[in-house]
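Trainee: The structure's right below; bear with me while I get my questions together.
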Amino acid sequence: MPKVMLREFRCTSKYSTDGSLVLDNAVQTNACRMPVQLPQLLRVNTLAAQLRPSMAYHVLQHELRLVLSYLDSTNGMLVARTSDLQASARQIGSFFTETMGVGMLTAAMHARCGWNGGYQDLAHFDVLPATKLTQHFSRKGVRPDLLFAFKHPPRDDIAGEARGRAKVQPGRGRTHDDQRKRLNQLFNWSSRNKNHQVTMAWTFTRGPHIAVDLFILDTNTPSPRPDQEPKPPPPGGPNRGPKPPSPEEGGRVAASPAPGSDSLDSGVDVTSYDSDDRPGADSLYETAPNSDRQRLDDIEVRGDWVPANLIAPSTNQMFVGVLRNEPTPGLREAASSLQDHDDSVRIGLFGRVLLATSQDRAQSPQWRDISERLGQ
């Protein structure tokens, strides 16, 4: 399984002279090599596709292949094919880097914050039904990209900001000016939304390998200096915020409420986004290649294997499948159990969409390469 270099930062806040909540300091607390599964990396694009009113299978397949076309691995590390990106149109490079940014945010949430949700546990401030989020969050100013829901208390949902840049990761615990500027904006968003927990993943695609900076924002309101008058808290009562995460808690960044405080209730039930809210899944299924012999738990799966690289010959393949109905709990559990296994075939099940990739295989994969791994 390829890895990326991940740095973690703890961010504290302070009041500016005009009373706004801004970044005080960002201190690196950890660095590690984070394993990344390619299906997991592509999951946000897949989930977003299920929400579009009309979505063609071959369009989604082409988009995902385009992302994989610019990826390679060297010495076990995930790298971007920089020369091919530089030879591509600027907007194509932007699509790749932005996709990597969102994908690495979800990968970091899984690896470092313990998030292991499915499509029903992920909301997108821009893609998912806007009214369900804007009823509870401010519509003004900068806002994060994704909202991650946790199934089990005491964790609350976490808003995540994703950024992808064709730059080299700064060294020795340093950060770029544009990173700090964005952190200022996120602290301001948090303070306007009841000190909502927020994180940011900043992905760098240049250099010897892909690298990610994960920023965990301490959203507890600091005490103002005597010469400062902070702005009043947003409507809805006093500020409440979760306990600052600690990288020492089992090697993960945890988000839990402060002792004695109520857990934050944003008023948004992310799990209410059921299949009826996702017309794109039906559209994907109707436009996918038909195959009567591809079934999981007696559910037909439409789709096929294609080369993962649109630019050059490759031994890597990708499968995009669409289930006729929602997967059974047993099927979801079987797919989830494969997430941490090292295998030449990687599988991810996201709602009704099944993603699989194969690497360095002499033979083209078959349907049984998926079904047998899922216990079928």
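A short reminder: the numbers here are calculations on the coordinates, not readings from a lab. Please read all numbers here as calculations on a predicted model, not as lab measurements. When we count neighbours, we look across all protein chains shown, and the Cβ atoms used for this are built from the backbone with ideal geometry, even at glycine.
Trainee: Modelling each spin label as a point 7 Å along the Cα-to-Cβ direction, I'd like the T287/T12 distance in nm, to one decimal.
Mentor: 5.2
Trainee: Right, something else. Pop the C-beta distance of L310 and M1 into the FRET formula with R0 = 22 Å and round what comes out to the nearest 0.05.
Mentor: Working: r = 23 Å, r/R0 = 1.05.
It comes to 0.45.
Trainee: Let me ask something additional. Between R295 and K151, how many nm apart are label points set 7 Å from Cα along the C-beta direction?
Mentor: Output for this residue pair reads 2.7 nm.
Trainee: Gain in length, E63 to Q91, computed as 0.36 nm per residue apart minus the alpha-carbon separation, to one decimal in nm? Each step should come with its number before you reach the end.
Mentor: Numbers: separation 28, 0.36 × 28 = 10.08 nm, distance 1.33 nm.
So the extension gain works out to 8.7 nm.
Trainee: Over the Cα atoms of segment 20-111, compute the convex hull volume and normalise it per residue, giving Å³.
Mentor: Convex hull volume per residue, Cα atoms: 176 Å³.
Trainee: Turning to a different aspect of this structure: Counting Lys and Arg as +1 and Asp and Glu as -1, what is the net charge of the other residues whose Cβ lies under 9 Å from the Cβ of T12? Present the calculation step by step, with values, prior to reporting the outcome.
Mentor: Values: positive: R10, K14; negative: D24, D218.
Net local charge, T12 excluded: 0.
Trainee: Taking a ≥ b ≥ c as the square roots of the eigenvalues of the Cα gyration tensor of segment 1-72, is the shape rounded (a/c under 1.5), prolate (a/b larger than b/c) or oblate? Could the numbers behind the result be given before it?
Mentor: Working: a/c = 4.17, a/b = 1.69, b/c = 2.46.
Oblate, because a/c is 1.5 or more while a/b does not exceed b/c.
Trainee: Next up: Using 1/(1 + (r/R0)^6) with R0 = 22 angstrom and r between the beta carbons of Q28 and V168, what's the FRET efficiency to the nearest 0.05?
Mentor: So the FRET efficiency works out to roughly 0.85.
Trainee: Next question. What distance in nm lies between label points placed 7 Å from Cα along the C-beta direction at D342 and S371?
Mentor: Label at D342, label at S371, 3.0 nm between them.
Trainee: Taking a label point 7 Å from the Cα of A56 along the Cα→Cβ vector, which residues of segment 84-100 have an amide N closer than 20 Å to it?
Mentor: 92
Trainee: Follow-up question, since we're still on this one. Can you work out the FRET efficiency for the pair E98 and R324, with r the C-beta to C-beta distance and R0 = 41 Å, to the nearest 0.05?
Mentor: On the way: r = 32 Å, r/R0 = 0.77.
The formula returns an efficiency of 0.80 here.
Trainee: What ranking, highest mean first, results for peptides 282-295, 345-358 when packing means the other Cβ atoms within 10 Å averaged over each residue? List each step's numbers first, then the result.
Mentor: Working: 282-295: 16.6, 345-358: 24.0.
Going from most to least packed, we get 345-358, 282-295.
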